[in-house]
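The values are calculated or read from the model by the stated rules, or taken from the named source; none is laboratory data. Just so we're clear, the structure is a prediction, and the values are computed from it rather than from any experiment. As a convention, Cβ positions derive from the backbone with ideal geometry for all residues, glycine included, and neighbour counts pool all protein chains shown. Surface areas here come from the heavy atoms of the whole protein model, side chains and all, with no ligands, DNA or RNA. Shrake-Rupley method; radii C 1.70, N 1.55, O 1.52, S 1.80 Å.
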Amino acid sequence: MGRSYRALTLGIVSVVLMIAFEATAVGTAMPIAARELDGLGLYAFAFSGYFTTSLLAMVVSGQWCDRSGPLPPLAAGIGGFAAGLVISGTAQSMWPFVLGRAVQGLGGGLVIVALYVVVGRAYPERLRPSVMAAFAASWVVPSIVGPLVSGTVTEHLGWRWVFLAIPVLVALPLAVMLPPLRRAAHAPDPAPDPAPETLPEAPEPVAPPVRDGRRIWYAVALATGAALLQYAGQDISPLSVIPAVAGIVLLVPSALRLLPPGTFRAVRGLPTVILMRGIAAGTFIAAESFIPLMLVTQRGLSATMAGLSLAGAGLTWALGSYVQARPRLAPVRERLAQFGMVLSAAAICGACLALVQSVPVWIVAVAWCAGGLGMGLVISTLSVLMLEQSAPAEAGANSAALQVSDALSNVLLVAAAGTVFAALGGGTVGATADASTTTTAHPAAFAAVFLPAAALALVGAFVAGRLRPHPKSA
């Protein structure tokens, strides 16, 4: 927040706030919108459309940033995100509403990768952990007040205003951000730290990377494969095998080519950083998606109280991000990530304990606060390590790979959890306006979601020991 960075920091944080409010507020208004548009049958596509197009946009943004700097994709992404909100907010039927969500996904994918490149270009290495902590802190207020504000606006003014008001919130901060962002976009390297002990030799000029059209096609195949798998998971029947197989055929080779070589073998350094982002985000989000439903169907909580049980995680997430930003902890970042994954696994197991009726239900709120702390430690640490291990000309591609790993794991693990949940008698999930209408869920179905997620999080704690390159290759 020094004078040199204040305007830029406030501007990019305002963009993260816009995305955070969209994620929390729009999710609250979505069931009402789908019901009024007579489109409950397409409800799931309003979510999958966003995530599917964002996968494609992340890859495009990475190449665009490496060739032209972060300003063009950031501007296009913000414009696309706002346009998608307007399309959905003015839709008169469900298909235009879904189209608006898909346009939002394109904008969101462009923006999130470009923001990481801005951080890598505009801030010296010593400040990047603090910027990542600010990103995490930007989610605190939306995660707590977003559903309440959205519910109030939806009830008194209508769901459309939830979509139409979000772009207005960041108009002024973005105007303040543009001048320093233009300077950052044209800067060849991040600002150096003051008074370094040794000054590195100036790097040789590097030509902008040539656009690789094959990566765009791989991204199209990846997004299509993810969409087919989501579609197959929504309808458990013999015929669903066809889109499932087609999705795997498209998705697996595309992921192998879009992520750094060695990602799925946890090769030391950047490949493990990318893999860990998927493990950390996917396990936590997959479990979190089913906790409100569990509290409503198994413990009789209202939907509001079930949602509030998770609100504390936003605060502890920001706290974890703040802790990892302390300079004296930089040498032990791998240990922070390992500890964070252990906390996440323990939180998921703690939430599972609520399936036992004799266990007090507040155990979920306590456990999820611990999980939020762990995720704050892990996610921000991984972002810092990714930028640290990326050459300036590769920051865009590597930022895209990090976000693709995150988004892809969310899509796949949530879809897998939903399929297992339904197969074990979990009932109908996600296609109704009120979670309390799902009353046939069996406790074993929830356990089958939580316990594998916790086990995978523990695997992540082991893998996190490989986050830095081997000293001989560093």
- Message: Sort 103-109, 133-139, 384-390 by the packing proxy (mean of other Cβ within 10 Å over each peptide's residues), most packed first.
- Response: 103-109, 133-139, 384-390
- Task: Can you pull the one-decimal nm distance between simple spin-label points at Leu451 and Ala393, each 7 Å off the Cα toward Cβ?
- Result: 5.2 nm
- The distance between the Cα centres of segment 80-142 and segment 214-230, in whole Å, is 20 Å
- Query: Ordering Met94, Met305 from largest to smallest accessible area (1.4 angstrom probe), what's the sequence?
  - Reply: Met305, Met94
- Probe 1.4 Å, all chains present, heavy atoms only: Asp406 accessible area in Å², nearest 10, is 30 Å²
- Task: May I ask you to order 219-231, 318-330 by the average number of other C-beta atoms within 10 Å around their residues, highest value first?
- Result: 219-231, 318-330
- Note on the structure: Taking 255-261, 59-65 and ranking on average Cβ neighbours within 10 Å, highest first, one gets 59-65, 255-261
